[in-house]
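Everything below concerns the one structure shown next.
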Amino acid sequence: MDLSINPGQIHGLLGENGAGKSTLMKILLGLERPDSGIIRRQGTEIRIASPQDARKHGIDMVHQHFSLIGPLAVWENVILGDVGTVNRSAACEQVEHVAQRYGLPIDPLARVDALSAGERQRVELIKCLRREPEFLVLDEPTSVLTQEESEELFEVLRRMVQSENRAVILISHKLAEITAATDAITVLRKGRVVFHQATAETTHQSSPARWSAATCRCSPMLRQSACCRSRRRPHRPRLPQTTRAWCPH
């Protein structure tokens, strides 16, 4: 697998279940050891044996499932895992600073179990962004968000990559989301890169054959979608856009 992520870009990563997306991200975060291969950062080979190593190299991740503790306050969740003396006032100030800097309004004293899904997502982002990562991975970040919350999240990410030249990997199954929010798209299948293109150059009209070959070995349900219109049968209804992630045209 040969994959390059550039600073100042949001890079969409697509692939069916088992394609290797999660394994690749675990390797980048030091949660799994690669059998072979090299990871380079700005041209220099690096070794990542733990999440602590990953953070030293500026790599962090917001996981799909929240890792927050409900009965604790926002500020307590944000500093959870820090070493040293706990300073509540300083922690709250840091939360407020990061929240204001990135447009992620949140009350540092609020209990997490009283927050909405969108607000909990903000807390997860603040936890990562306070460490100033150069490379941020988001795994299915909108799976529990409303449309409005998803749009707000992408606005935050866009401001971040443009103003601070950071790199973001966005893992998603939602094609409309990927094409609207990213600068480049990579598709994985069985641990290999089978498609890569700048998002601006990727359209449903210009690349239907390549998208199909890369992403669509349709399951029985997905065979109902528009990508399989060549095998159209009258009794097969079209599915909503959100269920056609692997059938983009």
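The values are calculated or read from the model by the stated rules, or taken from the named source; none is laboratory data. Because the structure is predicted, anything quoted here is derived from the model rather than measured. Neighbour counts are summed over all protein chains in view; Cβ atoms, including those assigned to glycine, are modelled from backbone coordinates with ideal geometry. SASA here: full protein model, heavy atoms, side chains in, ligands and nucleic acids out. Shrake-Rupley method; radii C 1.70, N 1.55, O 1.52, S 1.80 Å.
In this structure, does Thr85 turn out to be of a type in the set (Ser, Thr, Tyr) and open to solvent by 70 Å² or more (accessible area, probe 1.4 Å)? It is true that Thr85 is of a type in the set (Ser, Thr, Tyr) and open to solvent by 70 Å² or more (accessible area, probe 1.4 Å). Of the residues making up segment 127-160, those that are of a type in the set (Lys, Arg), surrounded by fewer than 15 Cβ atoms within 10 Å (Cβ to Cβ) and either in contact with a Pro (Cβ under 9 Å, 6 or more places away or on another chain) or without any contact (Cβ under 8 Å) to a residue 60 or more places away in the chain (or both) number 1.
Taken together, Ala180, Ala114, Ala110, Ala198 contain a single residue that is at pLDDT below 90, of a type in the set (Gly, Ala, Ser), surrounded by fewer than 17 Cβ atoms within 10 Å (Cβ to Cβ) and farther than 23 Å from His57 by Cα, which is Ala180. Counted as qualifying within segment 35-77 are the strands (runs of 3 or more DSSP E) with 2 or more residues that are under 28 Å from Ala114 (Cβ atoms), namely 59-62.
Per-residue answers, yes or no, for (1) within 29 Å of Leu175 (Cα to Cα); (2) open to solvent by less than 20 Å² (accessible area, probe 1.4 Å):
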| site | (1), (2) |
| --- | --- |
| Leu14 | yes, yes |
| Glu32 | yes, no |
| Gly37 | no, no |
| Ile48 | no, yes |
| Pro51 | no, no |
| Asp60 | yes, yes |
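For Leu14, the conditions (1) modelled with pLDDT of 85 or more; (2) in a loop (DSSP other than H, G, I, E, B); (3) within 21 Å of Leu157 (Cα to Cα) all hold with the exception of (2). Just one of (1) within 14 Å of the chain's Cα centre (by Cα); (2) more than 19 Å from Leu3 (Cα to Cα); (3) basic (Lys, Arg) fails for Arg166. It is (2).
Inside segment 96-107, residues that are open to solvent by 80 Å² or more (accessible area, probe 1.4 Å) and within 30 Å of Arg40 (Cα to Cα) make up a count of 1.
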